[in-house]
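Have a look at the structure below before the remarks.
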Amino acid sequence: MKTKIKPNFKKVLFQTIFIFLIVLVICFGLFSIIKISNDFYNSLNIKNIQNSLNNEEIQNPLNNKNITSLDYLTSYFNNLKYLIYGIIIIILTIFIFYFINIIGNTLTTEYIITDNYLSRTTTFFNEIKEDVPINEITNIDYTISWFWDKIFKTGSISIYTSGSQGVDLNFNAINSPIKIYNIIKLKIDSFRKSIINGEENKLIKSIKPNVKIVILSHILPSSIIYFLFLFNFIHNFNFWIVVGIVILLIINNILLILRFKKKRYDFYSNKLEYYDGFLTFHKVTVPYERIISFNLTKSLIDRIFGTSTINIETAGTGGSEINILYINNGDEILTELKEVLKKNGKN
């Protein structure tokens with residue numbers, strides 16, 4: 001069975017237009033600098049300057065010619081103007097090439113999913129085809145950003161293989177990313193099931209961080225420090241600046257709490273899945289073959305509040321460690337997870 005997927009052109013187009021608007025704002029700012037410079041230059045009374053100088057001349061050591069201070073000023077503003085015009089032209093030229101490349105690649109890119117491999121084909125300018133065999137995939141994850149992906153109901157999927165130092169294949173700006181993720185995961189699980197004892201993929205253990213400890217150990221102390229700082233220096237700040245800082249601090253703390261509430265680590269019979277993010281949602285699947293070891297650490301904060309951190313060392317990608325923070329009964333959980341690894345041939 002073959003599944004063909006195309007990137008969401010509308011999302012890519014609107015993102016590119018948004019970037020173009022930012023470029024226009026930058027160019028407008030540069031034009032404003034030129035206008036301000038010209039206005040400043042024109043505001044100078046040339047005759048008064050010449051009279052005030054009393055025909056005083058400045059010797060130019062480069063060519064031994066006598067030129068006035070006004071000539072220097074004129075040359076300076078002209079050079080500034082031409083420099084900014086050159087920068088604007090360079091920015092617009094780069095964006096035009098970027099726009100053509102991103103739109104061309106989006107229109108000609110196709111992702112293919114089969115029972116044996118995943119592939120990405122692009123035929124814009126150069127024809128490029130990337131294949132990743134199912135049996136070489138070590139883990140996959142998907143990301144749904146909080147703005148563009150939420151608007152267009154899109155997302156991206158990253159594919160990793162054994163021995164790689166990063167992402168081997170990206171499915172970008174695709175529709176129904178969770179559905180596509182599940183299709184790929186099902187194919188991987190089917191392959192794994194056929195070679196690993198024929199076991200069903202069952203949920204064994206689900207772990208979530210203790211959010212109360214996160215509040216007590218991180219949010220509360222940091223908030224107290226910030227408020228003490230503001231209290232000591234409040235006379236140096238505008239009232240509305242202080243209000244703005246307080247609001248930003250509260251929003252940051254709320255987002256941190258919501259992010260930890262969304263964190264979850266599901267240990268199945270032959271793989272780990274973990275969920276992260278609040279505004280931008282991220283899900284990662286890690287087969288046990290990629291896990292090298294478990295270990296447990298207890299920081300000073302953990303010892304105070306009776307929690308633990310489980311560190312999972314993995315192989316095959318740049319991100320080689322997964323940290324499960326602020327969990328209760330860490331020693332018992334670690335023993336259970338080691339038993340799961342033993343069943344999968346990990347000592």
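None of the figures in this text is laboratory data; all of them are computed from the coordinates on show. Computed from a predicted structure; not experimentally measured. All Cβ positions, even for glycine, are placed from backbone atoms using ideal geometry, and neighbour counts span all protein chains on display.
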Exercise. Roughly how many nanometres apart are two label points built 7 Å out from the Cα toward the Cβ at residue 222 and residue 97?
Worked result: 4.1 nm
Exercise. Summing +1 for each Lys or Arg and -1 for each Asp or Glu, what net charge is found among the other residues whose Cβ lies under 14 Å from the Cβ of residue 103?
Worked result: +3
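Between residue 190 and residue 215, how high is the FRET efficiency from 1/(1 + (r/R0)^6) when r is the Cβ-Cβ distance and R₀ = 51 Å? Nearest 0.05.
Step by step, r from the Cβ atoms, then E = 0.75.
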Problem set entry | Fully extended contour minus Cα-Cα distance, from residue 335 to residue 115, at 0.36 nm per residue | 75.6 nm
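Work through the residues other than residue 308 whose Cβ is under 11 Å from its Cβ and net out their charges, Lys, Arg +1 and Asp, Glu -1.
Working: positive: 298, 303; negative: 302, 331, 332.
So the surrounding residues net to -1.
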For this session: Give me the number: length gained by fully extending residue 178 to residue 301, i.e. 0.36 nm times residue separation minus the C-alpha to C-alpha distance, one decimal in nm.
Result: 40.6 nm
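Using the 10 angstrom Cβ neighbour count as an exposure proxy, how do 185, 208 rank, fewest first? Intermediate values should be presented prior to the final figure.
Working: 185 20, 208 17.
Arranged by neighbour count, lowest to highest, 185, 208 become 208, 185.
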Problem set entry | By average C-beta atoms within 10 angstrom, highest first, the peptides 255-265, 25-35, 1-11 | 255-265, 1-11, 25-35
Exercise. Tally Lys and Arg at +1 and Asp and Glu at -1 over the other residues with C-beta under 13 Å from the C-beta of residue 10: what net charge comes out?
Worked result: +2
Seminar exercise, completed: Most exposed to least, judged by fewest other Cβ atoms within 10 Å, 189, 331 sort to 331, 189
Seminar exercise, completed: Once phi for every residue in the range 324-341 is put through the Karplus expression 6.51 cos²θ - 1.76 cosθ + 1.60 (θ = phi - 60°), the whole-Hz ³J(HN,Hα) values, with Gly and Pro written as x, are 9, 8, 6, 10, 7, 6, x, 5, 5, 5, 4, 4, 4, 5, 5, 5, 4, 5
Exercise. What is the distance, in nm, between label points placed 7 Å from the Cα along the Cα-to-Cβ direction at residue 20 and at residue 127?
Worked result: 3.0 nm
For this session: Take 303, 290 and order them by how many other Cβ atoms sit within 10 Å, fewest up front.
Result: 303, 290
